[in-house]
Amino acid sequence: MSDNESKKARRNAARERAAAQREKEKARRRRNRTLTISGIIVGALAVVAVVVLVIANSIQPAGPGPKNMASDGIVLQGQNGKIVPVTTKGIPEGGKPTATKQDDSVANITLYEDYMCPVCNQFETGNMSQIKKWVQDGSATLEIHPFNLLDRSSLGSKYSTRSAAAAACVANYDPDAFLDVNSAFYENQPSEGTRGLTNDKLASIAKAAGATNPNVQSCITDQKFAGWVGDATNRVFTEKIPNSSLDRVTGTPTIIVNGKQYNADNTKAWSDADAFAAFVEQNGGTAK
């Protein structure tokens, strides 16, 4: 073979090797691109799955609200020296609450509360005795709205939702016992950062406090009104608060007397009955 032929053969062999290498590199890039796209798709599907799971776990099943809570709260008033609930139909599934029509000649006291909220407990302990007296003698009404501000504080057990739903069961089936059960839930309040009480324990406390209608027990253990609690909570956080100038609730307890919000000067003052009585006298007509 001549030198020219030898050089030509080497050049051809080099071209073939280069072409083979280029094809090999193209194949490698195709594989990497395919793997990258597949990884993105798998990752995206994983994200979607997580989002779907979070949404599924956060959304309560829809359902009608409890009777005697047409405003998303139960209204208690005095009648012949006794405290009695104002009876109403429940909010229909997909319906909206009806704001309470208030009589401004008396002190209309409205509470937005969470049964795991320690400051709510302070207010309850310091003030409920005198509030009951005002309601009994007809100088005040009391409207209580339980909701679930502190679900995040019960290690995933959603105690705030479960206890609010338990209170709704009492309002629905045994409303005369509501105020005593409300107080009993605070007397047995679990600490934040715990799983709280079981549904069976909530049912037992309600029964011991006077909610003896047998339907209350199964309602609490089955969490019949958990969906309503979710809806009511969403409303207090996103919608204007009726009979007030508040655009929404931002914390617990939220206490309103004839449209005016009560704000204690410090944490200890939430249990100061004299301070609250002065506020009521200033804003609530005849309560004293």
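The values are calculated or read from the model by the stated rules, or taken from the named source; none is laboratory data. What you are looking at is a predicted structure, and each value in this text was computed from that prediction instead of being measured. All Cβ positions, even for glycine, are placed from backbone atoms using ideal geometry, and neighbour counts span all protein chains on display. These area figures cover heavy atoms from the full protein model, side chains too; ligands, DNA and RNA do not enter into them. Shrake-Rupley method; radii C 1.70, N 1.55, O 1.52, S 1.80 Å.
Go through the range 245-282 and give me each residue that's surrounded by 19 or more Cβ atoms within 10 Å (Cβ to Cβ) and polar (S, T, N, Q).
THR252, THR254, ASN258
Anything in the range 184-200 that is more than 20 Å from ARG152 (Cα to Cα) and either surrounded by fewer than 16 Cβ atoms within 10 Å (Cβ to Cβ) or modelled with pLDDT under 95 (or both)? List them, or say none. I'd like the intermediate steps shown before the answer.
Residues of the range 184-200 more than 20 Å from ARG152 (Cα to Cα): 184, 187, 200.
Answer for the range 184-200, where residues must be more than 20 Å from ARG152 (Cα to Cα) and either surrounded by fewer than 16 Cβ atoms within 10 Å (Cβ to Cβ) or modelled with pLDDT under 95 (or both): GLU187, ASP200.
Output the residue which, of all residues in the range 101-112 that are in a loop (DSSP other than H, G, I, E, B) and either buried (at least 20 other Cβ atoms within 10 Å of the Cβ) or without any contact (Cβ under 8 Å) to a residue 12 or more places away in the chain (or both), is nearest to the chain's Cα centre (by Cα). Write out each step before concluding.
Just the residues of the range 101-112 that are in a loop (DSSP other than H, G, I, E, B), to begin with: 101-106.
Restricting the remaining residues to those that are either buried (at least 20 other Cβ atoms within 10 Å of the Cβ) or without any contact (Cβ under 8 Å) to a residue 12 or more places away in the chain (or both) gives 101, 106.
Working: LYS101: 25, VAL106: 30 Å.
The residue in question is LYS101.
Provide a single number: the residues in the range 113-132 that are over 16 Å from GLN189 (Cα atoms) and open to solvent by 10 Å² or more (accessible area, probe 1.4 Å).
Looking only at that region, the number is 3.
Being more than 20 Å from the chain's Cα centre (by Cα), modelled with pLDDT of 90 or more and of a type in the set (Gly, Ala, Ser) is true for just one of GLY65, GLY81. Which residue is that? I'd like the intermediate steps shown before the answer.
Values: GLY65 fails: more than 20 Å from the chain's Cα centre (by Cα).
Within the list GLY65, GLY81, the selection yields GLY81.
Just wondering, is there one or more residues in the range 133-148 that are open to solvent by 40 Å² or more (accessible area, probe 1.4 Å), modelled with pLDDT of 95 or more and touching a helix residue (DSSP H, G or I) at 6+ places or on another chain (Cβ under 9 Å)?
No, every residue in the range 133-148 fails to be open to solvent by 40 Å² or more (accessible area, probe 1.4 Å), modelled with pLDDT of 95 or more and touching a helix residue (DSSP H, G or I) at 6+ places or on another chain (Cβ under 9 Å).
Does SER157 satisfy being among the hydroxyl-bearing types (Ser, Thr, Tyr), in contact with a Gly (Cβ under 9 Å, 6 or more places away or on another chain), at pLDDT 95 or above and over 21 Å from LEU111 (Cα atoms)?
Working: among the hydroxyl-bearing types (Ser, Thr, Tyr): yes; in contact with a Gly (Cβ under 9 Å, 6 or more places away or on another chain): yes; at pLDDT 95 or above: yes; over 21 Å from LEU111 (Cα atoms): yes.
Answer is yes for this residue.
Please state which of the following conditions PHE225 fails to meet, knowing it meets all the rest: (1) open to solvent by less than 10 Å² (accessible area, probe 1.4 Å); (2) out of contact with any Pro (no Cβ under 7 Å at 6 or more places or on another chain); (3) not aliphatic (A, V, I, L, M).
(2)
Among the candidates PRO214, PRO190, which residue alone is within 21 Å of VAL84 (Cα to Cα) and out of contact with any Asp or Glu (no Cβ under 9 Å at 6 or more places or on another chain)?
On the way: PRO190 fails: within 21 Å of VAL84 (Cα to Cα).
Just a single option satisfies the conditions, and that option is PRO214.
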